[in-house]
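Right, one structure below, let's go through it.
The values are calculated or read from the model by the stated rules, or taken from the named source; none is laboratory data. These numbers come from a predicted model, not from an experiment. Note that each Cβ is placed from the backbone with ideal geometry, even for glycine, and that neighbours are counted across all protein chains shown.
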Amino acid sequence: MPRIVTVAAAQMGPIQKADDRASVVSRMLALMEMAHARGADFIVYPELALTTFFPRWHYEDRAEADIWFERDMPNAATKPLFDRARALGMGLSLGYAELTPDGHHFNSSVLVDREGKLVGLYRKIHLPGHVEFDPERTHQHLEKRYFEPGDLGFPVWRTMGGLFGMCICNDRRWPETYREMGLQGVEMIVLGFNTPSVNSQRAAEGLEERLFHHRLSLQAGAYQNATWVVAVAKAGVEDGHHLMGGTLIVDPDGHIVAELPGEDDGVLVHACDLDATRFGKETIFDFKRHRRIEHYGRITSQVGVIEPA
Ligand code: CDV
């Protein structure tokens, strides 16, 4: 009996600095209705889904950036989203900037089951970019200024009939991300991203190369850990800054099974059989039988130097 999760990757087009939460949430609700009409029972929104990608803006006084953060989740602005998902019997994942009661700032995402219960919280670990304004760059990427690295690891949650995990944007480029969850048996990893279409430090690295690295990382992570991966873009031109699209779904054999064209609001719906992860997990990537960490060597304090065990 297959275990099907019909997932909707809900790509969002640009969100401008001037757009308020209410207008963004109404767009997200429209995507949810589209997803439901196409049979989805789980919807995934991008990283920092409620606001523009604010780490591109430098605030001398860091506290001024707190306008982009949520103190609760759900809150008054996002409650309609949580309520509607529960009424439709849909699970939900969404990225947002989290400000904790004791003053910590994280780039976070939540996982909510089909009954509306908040089952998971993830805080982005691999924060790209820099802390101070950098005049050498074509654009700023100040995630290290506004966020602390996540302090929750890469948990996996048993919910919606399977094992689910989350990561956020830059995390998808790191093999450890997938392997940490793979070792816990993850069957579907969901993530959102905001990826500028040009590297701020290497103009020659444009859209094509960025999409290549994006697909390469997602496909390798899925295959090497025998898991579904669902990656959702915030895309298009935000206040003059271009973010790439590339919303896609990868199966546990590493194949892209669906990819959304364009950079506007839209949903990519795919019926994912969680049992399709079994073959890889029970054969070539059966970690218990074949993983040989005792033979991998010992890493010395000098980065990059490996000594035999
Ligand atoms: N939001 C991100 O984490 N963006 C990075 C960019 C800066 C490279 C990414 O890995 O897509």
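Side notes on the structure shown:
- Gly89 being out of contact with any helix residue (DSSP H, G or I) (no Cβ under 8 Å at 6 or more places or on another chain) and away from the ligand (no atom under 16 Å from the Cβ): yes
- Of all residues in segment 35-61 being acidic (Asp, Glu) and crowded, with 16+ Cβ neighbours inside 10 Å, the one that is nearest to Cys169 (Cα to Cα): Glu47
- Residue match in segment 284-293 (condition: at pLDDT 95 or above and either surrounded by 16 or more Cβ atoms within 10 Å (Cβ to Cβ) or in contact with an Asp or Glu (Cβ under 7 Å, 6 or more places away or on another chain) (or both)): yes
- Qualifying residues in segment 84-121 (those that are in a helix (DSSP H, G or I) and aliphatic (A, V, I, L, M)) - the one surrounded by the fewest Cβ atoms within 10 Å (Cβ to Cβ): Ala87
- Candidates Arg145, Arg158, filtered to the one that is basic (Lys, Arg) and under 30 Å from His36 (Cβ atoms): Arg158
- Among the residues of segment 17-34, those that are surrounded by 13 or more Cβ atoms within 10 Å (Cβ to Cβ) and touching a Ser or Thr at 6+ places or on another chain (Cβ under 9 Å) comprise Lys17, Asp19, Arg21, Val24, Val25, Met28.
- When segment 134-159 is limited to residues that are touching a Leu at 6+ places or on another chain (Cβ under 9 Å) and away from the ligand (no atom under 16 Å from the Cβ), the one that is nearest to Ala97 (Cα to Cα) turns out to be Leu152.
- Any hit, segment 200-215, residues being in contact with a His (Cβ under 8 Å, 6 or more places away or on another chain) and near the ligand (Cβ under 10 Å from one of its atoms): yes
- Test: residue in segment 127-140 that is under 17 Å from the mean Cα position of the chain (by Cα) and charged (D, E, K, R): no
- Matching residues, segment 122-148, being part of a strand (DSSP E or B) and either in contact with a Gly (Cβ under 6 Å, 6 or more places away or on another chain) or touching a residue at least 60 places away in the same chain (Cβ under 8 Å) (or both): Arg123
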